[in-house]
Amino acid sequence: MQKKPIKMPINMMGKMQMGGKVGGKSIKGEFIGMLLHSGVQTHIFHLMSSSYAQHKALGKFYEEIPDLVDGIAETLQGQEGKITSYPTTMTISNVYDPIGYLTDLRKKVETMRDAVSQSTNFMNQTDAILDLIDSTLYKLKELK
């Protein structure tokens with residue numbers, strides 16, 4: 001069976017504008033929405049997994065990501081005011097490819113974060129998310 005590519009409609013790479021906007025939308029809200037969505041998507045992958053090691057790795061990711069994202073949202077709002085625009089729709093993939101999904105998510109976090117904020121505490125918080133993604137990718141690839 002041929003795998004279909006994972007659909008993530010929040011594809012803003014190359015579309016970022018100065019002033020924190022992506023096509024007229026708040027890049028902060030898009031960034032937070034993308035990260036919150038990753039918890040839902042990895043939870044679905046967790047439920048689809050037939051490998052105990054992958055099941056546990058994905059479980060750890062979806063359990064930890066909400067608190068990390070909440071910290072980022074609160075930091076951004078404390079620095080720059082309330083974020084009032086968030087994505088209203090997200091696409092859930094039922095094609096099991098957590099490695100491809102997390103690899104793509106990592107690229108998007110790295111690409112978008114400079115446009116979201118340059119503050120050191122925000123960068124440190126996004127580094128923690130990148131650490132979680134990297135750790136999960138290691139477990140998915142290497143632990144059976």
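Observations on the model:
- Highest average packing first - 86-95, 41-50, Cβ atoms within 10 Å: 41-50, 86-95
- In a fully extended conformation the segment linking D67 and S119 would gain 16.8 nm over its present Cα-Cα distance, using 0.36 nm per residue.
- For the set K28/K139; K56/K144; K108/K144; K60/K82; K60/K144, the pairs lying more than 20 angstrom apart at their alpha carbons are K28/K139; K108/K144; K60/K82.
- Alpha-carbon Debye profile of region 24-142, log10 I(q)/I(0) at 0.21, 0.22 Å⁻¹: -1.18, -1.27
- Sites listed here are chymotrypsin sites (Phe, Trp or Tyr not before Pro) in region 74-144 whose DSSP assignment is loop and whose Cβ has at most 10 other Cβ atoms within 10 Å, and the list is empty.
- Applying the Karplus relation 6.51 cos²θ - 1.76 cosθ + 1.60 with θ = phi - 60° to region 107-120 yields 3J(HN,Hα) values of 4, 5, 4, 4, 6, 7, 4, 5, 7, 7, 6, 9, 5, 5 Hz, where x marks Gly and Pro.
- The slack between M90 and K56, meaning 0.36 nm per residue of separation minus the straight C-alpha distance, is 9.8 nm.
Read-outs throughout are calculated quantities, based only on the coordinates presented, and are distinct from any laboratory measurement. Note that the structure is predicted; figures quoted are calculated from it, not measured. As a convention, Cβ positions derive from the backbone with ideal geometry for all residues, glycine included, and neighbour counts pool all protein chains shown.
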